[in-house]
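Comments concern the structure below.
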Amino acid sequence: MEKQERRTARQVDVPAPVLGKVKKGKAPTVQAEGRGCSVGGLFFYLHSSVQEGSTLELVFPIPQDKTVDDLVWVRCHCRVVRVEEGGPDRKRGVGAVIEQCERLGKGEIPQV
């Protein structure tokens with residue numbers, strides 16, 4: 001059976017690691033691999049356990065235009081709405097709704 005598409009907005013690739021903290025949940029920090037980001041949400045893979053309803057603070061780059069050459073780093077406060085087991089390399093796929101997002105200044109960009 002084919003999966004039904006849940007996205008309502010255009011999605012862009014997240015070309016670098018996603019760094020973050022779990023605000024409510026078991027794991028205090030997470031390192032994830034971003035798969036895609038849209039205006040309202042983010043999908044990423046991680047090894048850590050996270051539960052639906054957990055609140056995350058995530059930092060990651062997104063393309064400013066259509067190229068990966070001009071990245072803008074953002075900090076987003078998200079709420080986990082979906083967790084899928086069995087992703088690549090036994091990672092969990094996580095879908096999160098972006099509740100608040102801000103662009104980071106040059107001094108706030110993490111070294112990855």
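For residues that are assigned to a strand (DSSP E or B) and of a type in the set (V, I, T), scanning just the stretch 45-76, find the one that is surrounded by the most Cβ atoms within 10 Å (Cβ to Cβ). This residue is I62.
Taking residues in the stretch 78-89 that are free of Cβ contacts under 8 Å to residues at least 24 places away in the same chain, and partners anywhere that are of a type in the set (V, I, T), the pairs with Cβ atoms closer than 9 Å and at least 6 places apart or on different chains are E84/V94.
A quick yes/no check of all residues on (1) among the basic types (K, R); (2) more than 24 Å from G86 (Cβ to Cβ); (3) at pLDDT 80 or above:
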{"site": "E2", "(1), (2), (3)": "no, no, no"}
{"site": "D13", "(1), (2), (3)": "no, no, no"}
{"site": "K23", "(1), (2), (3)": "yes, yes, no"}
{"site": "K26", "(1), (2), (3)": "yes, no, no"}
{"site": "F43", "(1), (2), (3)": "no, no, yes"}
{"site": "S49", "(1), (2), (3)": "no, no, yes"}
{"site": "L58", "(1), (2), (3)": "no, no, yes"}
{"site": "I62", "(1), (2), (3)": "no, yes, no"}
{"site": "T67", "(1), (2), (3)": "no, yes, no"}
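The set of residues in the stretch 93-111 being in a helix (DSSP H, G or I) and either touching a Phe, Trp or Tyr at 6+ places or on another chain (Cβ under 8 Å) or within 18 Å of L46 (Cα to Cα) (or both) consists of E108 alone. Residue count for the stretch 77-92, restricted to those that are at pLDDT 90 or above and either assigned to a loop (DSSP other than H, G, I, E, B) or not charged (D, E, K, R) (or both): 5.
The values are calculated or read from the model by the stated rules, or taken from the named source; none is laboratory data. Being a predicted model, the structure only gives us computed values, none of them experimental. Reconstructed Cβ throughout: ideal geometry from the backbone, glycine too, with neighbour counts over all protein chains shown.
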